[in-house]
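> Handing you this structure, nothing more for now.
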Amino acid sequence: MKKIILTLLFAVWAIPGSAHAYADYVNSVAQRYCAYVNFGYGSYAMNDINDFLDLSNSSFVAFGGTPTPKIVGGLNFMLGAAYGISDYMIAGFEYGGLVAQTENQPLPEVTQGIDIPAVEVGFFLKLALPMQNIFLLTMGAGMYHFSLLDGIYEVEDPATYFSETFSGSTLAYKVMGGGEVFLNENFSLSADIGYRIANISEITDASESVIWTNQDGSNFTIDFSGLFWQAGIKYYFDLHL
């Protein structure tokens, strides 16, 4: 019994010391690089798009059809690379894709759909705070070039097919906070939640010669602003040139 107690006391004494050394290594982001991939979901404002859907849905419903669902959010992914400026500061570059779409068969043999893929490319700066042994809390903001990849609106029935492509871009901003848990000295699992401001205030047709407007004469907008969350895996490494 005495031997068991002594063994346990030694373990209690030894583990914190080794964990602290381990934490110093994995939680120090200074002069370390990381690459990562994230997947998640975001909510979108999409006020003008959804007002347009309300208008078209009213016509279909009047003939006994079903309304096409509004666009309230969509999936997203992010590829990124970052560098630790100091123990508590990270700068990085990101490339991400977003999906906004809806489709329905409001009447027999009639299909209505909207597909609006988008990309964002930009830079961010984050504060990094190590917590306990293997956790890292982060908080920061970023600026991105946000653009549509030829969105399309289409309606198809047995007699006719109508489609309209459109494009646009804007400068977007994000604020975000999250955390990481390290699996070892190189890999961590991460999660972030934040808010995106990305309202494209000038939408043009495929030829980029006609600016879309609302019925009141104001510019038609496509607004990807809203809350988002992402989770993924990161790989940390040292690069000695």
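Each value in this text was obtained by applying a stated rule to the coordinates, not by laboratory testing. Just so we're clear, the structure is a prediction, and the values are computed from it rather than from any experiment. When we count neighbours, we look across all protein chains shown, and the Cβ atoms used for this are built from the backbone with ideal geometry, even at glycine.
> What is the sum of charges, Lys and Arg at +1 and Asp and Glu at -1, for the other residues whose Cβ falls under 15 Å from the Cβ of Phe63? Mind dumping the intermediate values first?
Values: positive: none; negative: Glu109, Asp157.
Result for the local shell: -2.
> Between Val99 and Phe135, what length in nm is gained on full extension when 0.36 nm per residue of separation is reduced by their alpha carbon distance?
Details: separation 36, 0.36 × 36 = 12.96 nm, distance 3.11 nm.
Length gained between Val99 and Phe135: 9.8 nm.
> Would you mind computing Rg(Cα) / (2.2 N^0.38 Å) for the chain, counting N as its residues?
On the way: Rg = 24.6 Å, N = 241, 2.2 N^0.38 = 17.7 Å.
In units of the globular-protein estimate, the chain measures up at 1.39.
> Now for a separate question. Springs between alpha-carbon pairs under 10 angstrom, Gaussian network model over the chain: which of Val37, Val210, Val99 fluctuates most?
Val210
> Multiplying the sequence separation of Leu189 and Trp229 by 0.36 nm and subtracting their Cα-Cα distance, what value in nm do you get? Please report the intermediate quantities before stating the final value.
Working: separation 40, 0.36 × 40 = 14.40 nm, distance 1.40 nm.
Taking Leu189 through Trp229 to full extension adds about 13.0 nm, to one decimal.
> In the Gaussian network model of the chain, springs joining C-alpha atoms below 10 Å, which of Val181, Val121, Val155 carries the largest mean-square fluctuation?
Top of the fluctuation ranking is Val155.
> Anyone know which of Asp157, Asp87, Asp54 comes out most mobile in the 10 Å Cα GNM of the chain?
Asp157
> Could you tell me how many degrees, from 0 to 90 and to the nearest 10, lie between the Cα long axis of helix 47-62 and the main elongation axis, the longest principal axis, of the Cα atoms of the chain?
Once rounded, the angle reads 50 degrees.
> Then there's this: What angle do you read, to the nearest 10 degrees and between 0 and 90, between the alpha-carbon axis of helix 2-27 and the longest principal axis of the chain?
Tilt relative to the chain: about 50 degrees.
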